[in-house]
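Worksheet for the structure shown next.
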Amino acid sequence: MSDNTKQASNAMWGGRFESGPSAVMEKINASIGFDKRFYRHDIMGSKAHCAMLVRQGILSEDDGRAIIDGLDQVLQEIEDGRFEFKTELEDIHMNVEARLAEIIGEPAGRLHTARSRNDQVATDFRLWTRDALDEIDRGLEALQRALIAQAEAHAETVMPGFTHLQAAQPITFGHHMMAYVEMIGRDRGRFGDCRTRLNECPLGAAALAGTSFPIDRHATAELLGFDRPCANSLDAVSDRDFALEFLSAASICAIHLSRLAEEMVIWTTAQFAFVKLSDGYTTGSSIMPQKRNPDAAELVRAKAGRVIGDLNSLLIVMKGLPLAYSKDMQDDKEPVFEAYDTLELCIAAMTGMITDLRVNSERCRESASAGFTTATDMADWLVRELNMPFRRAHHVAGSLVKLAETKGCDLPDLTLAEMQSIEPGITAAAMAVLTVEASVRSRTSFGGTAPDNVRAAAHAARDVFLAGGPTIDEDGSA
């Protein structure tokens with residue numbers, strides 16, 4: 001390393017050091033390889049800080065104008081791809097400041113008055129995460145839109161509902177889609193909560209103790225769209241709860257996507273054949289000409305592990321750090337960046353799959369009719385019509401299932417005489433409840449699978465999730 005490079009590399013620390021860092025130190029210490037992603041937010045924060053310094057009389061108006069104009073030029077150079085990011089300058093903050101100094105000279109050195117890289121990076125990170133949350137929310141809204149469209153199209157399409165992956169009771173395909181609408185709605189709520197909590201501004205907290213300059217942190221917060229400044233300077237620079245909360249919400253969301261992806265994988269098998277994915281989200285085999293592999297779904301399922309790993313990574317980084325800032329926290333960004341990129345891609349892939357999905361209604365109904373799925377309807381009929389205690393009705397229905405299984409038929413295929421051999425009180429009216437269509441039509445309780453319920457739920461979801469409509473309180477009121 002030349003003397004000039006050494007001088008450049010430690011210019012930010014001043015005269016405390018006589019020589020520059022080793023090559024290894026420079027490599028492990030630099031973050032510009034990933035934090036250059038903050039460039040817009042870093043420049044935005046610097047412009048707000050500059051405007052506040054001028055307003056408070058800490059910077060002259062001439063210096064302020066020069067800094068703002070210079071920062072605009074730096075931004076344009078980066079966006080045009082003409083900016084040279086330098087590893088020896090460590091991070092996005094010093095890369096921007098060094099280029100600003102080349103453009104406007106001495107006034108650039110006044111920009112860092114009353115701030116530190118500690119509060120600067122915390123501000124950049126919050127601004128970036130806030131934008132990422134907004135992008136994720138838009139993606140999840142599009143996914144909900146696709147799910148709701150399928151729910152409406154298949155409000156009457158009967159399919160088997162499963163517990164333990166065993167046929168349990170008939171449901172509708174639309175009802176199944178609406179379950180994921182609810183899950184994604186909770187994801188959006190978690191991301192929204194994260195956005196609300198992170199929307200406090202660290203800028204002006206300086207290194208950890210605040211500053212002796214007469215700054216106006218409320219003004220800076222307002223300029224950057226924050227609700228308020230962070231209340232404690234120590235907490236402002238050392239808090240990464242917002243990043244952990246983002247990763248927590250992202251992990252739960254990734255799990256939801258993975259569960260839906262797993263169902264796509266199962267449902268597209270020849271053994272199930274409930275749905276067909278389009279060519280756009282499947283691949284073939286290099287050796288087996290017949291194959292249509294649900295690779296997009298499988299990859300969404302796999303990538304949940306990466307997002308969960310990102311959460312675990314940052315939890316471990318943060319678990320033992322004393323206040324305030326430690327260099328460990330430089331490793332806070334890459335997990336968040338990776339989780340965001342991964343989740344955004346998975347959301348887009350799942351939205352595409354659901355949009356293009358084709359449902360084999362006939363096969364779904366056929367499968368719903370197998371496995372004695374209307375046995376519960378038989379038990380309910382016995383309770384309702386014969387005033388039988390449910391536990392006894394359950395036993396009778398179970399005996400009917402055993403009889404049908406012995407005869408190699410399904411419940412509706414038993415004759416009335418055969419049913420009456422188990423329970424003499426059964427009448428011909430019981431036969432009407434044993435079709436899968438009758439079963440789903442009967443499930444009219446709030447949140448049930450009845451087709452009219454599905455249509456109403458889809459309509460309500462459009463109001464709540466897609467049009468910014470009112471939320472529903474726990475007591476059911478709007």
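The values are calculated or read from the model by the stated rules, or taken from the named source; none is laboratory data. This structure is a prediction, so every number in the text was calculated from the model and none was measured. We place every Cβ from the backbone using ideal geometry, glycine too, and count neighbours over all the protein chains shown. Surface areas here come from the heavy atoms of the whole protein model, side chains and all, with no ligands, DNA or RNA. Shrake-Rupley method; radii C 1.70, N 1.55, O 1.52, S 1.80 Å.
With label points built 7 Å along Cα→Cβ from the Cα atoms of ALA302 and GLU344, find their separation and express it in nm.
2.2
At a Förster distance of 22 Å, what's the computed FRET efficiency of ILE28 paired with GLN73, Cβ-Cβ distance as r, to 0.05?
Rounded to the nearest 0.05, the efficiency is 0.10.
Specify the angular offset, from 0 to 90 degrees and rounded to the nearest 10, of the alpha carbon long axis of helix 117-153 from the longest principal axis of the alpha carbons in the chain.
Roughly 20 degrees, rounded to the nearest 10.
For a quick check of understanding: with a 1.4 angstrom probe and all protein chains in place, what accessible area in square angstrom does TYR39 have, to the nearest ten?
Accessible area, nearest 10 Å²: 50 Å².
Cα gyration tensor of the range 323-478, axes a ≥ b ≥ c as square roots of the eigenvalues: rounded (a/c below 1.5), prolate (a/b > b/c) or oblate?
prolate
Rank by packing, highest mean first: peptides 403-412, 366-375, with packing defined as the count of other Cβ atoms within 10 Å averaged across residues.
Ranking the peptides 403-412, 366-375 by packing returns 366-375, 403-412.
Helix 61-79 versus the longest principal axis of the chain: what angle, 0 to 90°, nearest 10, using Cα atoms?
50
Against the longest alpha carbon principal axis of the chain, how many degrees, from 0 to 90 and to the nearest 10, is the axis of helix 241-267 turned?
For helix 241-267, the angle is close to 30 degrees.
Would you report the distance distribution of C-alpha pairs in the range 68-159 as whole percents per 5 angstrom bin, up to the bin with the largest distance?
2, 11, 14, 15, 15, 8, 7, 6, 5, 5, 5, 4, 3, 1, 0
Among the listed pairs LYS276/LYS303; LYS27/LYS333; LYS276/LYS402; LYS86/LYS303; LYS303/LYS333; LYS47/LYS303, which are separated by more than 26 Å between their Cα atoms?
LYS276/LYS402; LYS86/LYS303; LYS47/LYS303
Test of understanding: what is the full-extension gain from GLU84 to LYS319, defined as 0.36 nm times their sequence separation minus their Cα-Cα distance?
Value of the extension gain: 81.0 nm.
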